[in-house]
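> Please read through the structure below; I'll follow up with questions.
A short reminder: the numbers here are calculations on the coordinates, not readings from a lab. The model shown is predicted, which means the values in this text are computed figures rather than measured ones. Glycine gets a Cβ as well: all are built from the backbone with ideal geometry, and neighbour counts include every protein chain shown.
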Amino acid sequence: LNDFNDGLTDSISLYFWENLYKSSRKSLRLYIFSESLNLTSMIGTLQNLANEIVSGSQRSPAANEEFKAIINDTRVTSECLSNLNSSDAFAFVFCNNMLKLMEQEEFNIVSETRSEENITNYGQADTVKAKVYG
Amino acid sequence: MIYVLSQCLLTTNKPSYIAKSMMDLVAMSLKSLFEENSYSSVLEKTIQLFVSPFMLPPNFNTTNEVNLQVVLARYNLLECNISHYCMLLQILISMFEYLTFQSTSKTYYEYRRCIYIFRNSYLAFFLYFGIEACKLLFAGFDNSDNMYQVVNLTLEYLENIFMYPFTLSLHEF
């Protein structure tokens, strides 16, 4: 931690120590460790999973769920994008799963939503939006 | 993300099913950007990736400032790569479909808001692009196979623009 502190500017250093003060040393260290682990090893795992998914084995659906769970973390996105050209299987599986993630909260507009009572029943957070923009 | 995916599409020759899913992802990303009203530059840059000489005139920022008389043909179809041009049209068509049919809005009001924001901030751009596409057809039509694909895509694209103002009324009744 001392080495880490030497290379930092004052404002970042202040921010760093303030956060260290807030969290316990143990959990902070675990956090840093898991961050570096994530960033180095994900693309290999994803490529293996993609090959497994495309091969059409019985484990494909499970592998796809695993793949989706990993790319749901935005820290992995830039790494995935920079490896898009590496293999066709990976590009295909990545694009389709990203689409699914973005479409996740699909809501079909049907004629039943005409009255305001129906609309306000969909969710508490959304009713606020509805009032602002409606 | 849009930039990287587009570069990938343009630089390498992917099998069509992969190209299709990449184009869909670009369209979906564009669509999710357009839920806010400050992304005109992203739109212009995306179009320029596929059709490099394309320029949007600055007075086409909103539908209130549209003056169709100043639209001039700015480039020739021969100058740009036809397959890239088709790709761009496919992306834009897919984007309109995401916007109007496969809405990801949680409530009706969110959907309506998205429709209105798009209409007020971006529809003029797409109308302008559609007019340019029509002009290109008249200026550069020949009997090649590629040209028929361009005609089909242009017509489909124009249909999406012309139907857009009726989107809400179609769903309301």
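> Give the dimensionless ratio obtained when the Cα radius of gyration of the stretch B:107-173 is divided by 2.2 N^0.38 Å.
Relative to the rule-of-thumb radius for its length, the stretch B:107-173 sits at 1.40.
> In addition: In µm²/s, what is D for the stretch B:1-52 at 37 °C and 0.692 mPa s, where D = kT/(6 pi eta Rh) by Stokes-Einstein and Rh is the Kirkwood radius from Cα pairs?
Translational D for this selection: 286 µm²/s.
> Provide a whole-number value for the mean count of partner chain Cβ atoms within 10 Å of the Cβ atoms in peptide B:111-117.
2
> Filter the cross-link list A:K68/B:K14; B:K14/B:K45; B:K45/B:K106 down to pairs whose alpha-carbon distance in this structure exceeds 24 Å.
Long pairs (Cα-Cα over 24 Å): B:K45/B:K106.
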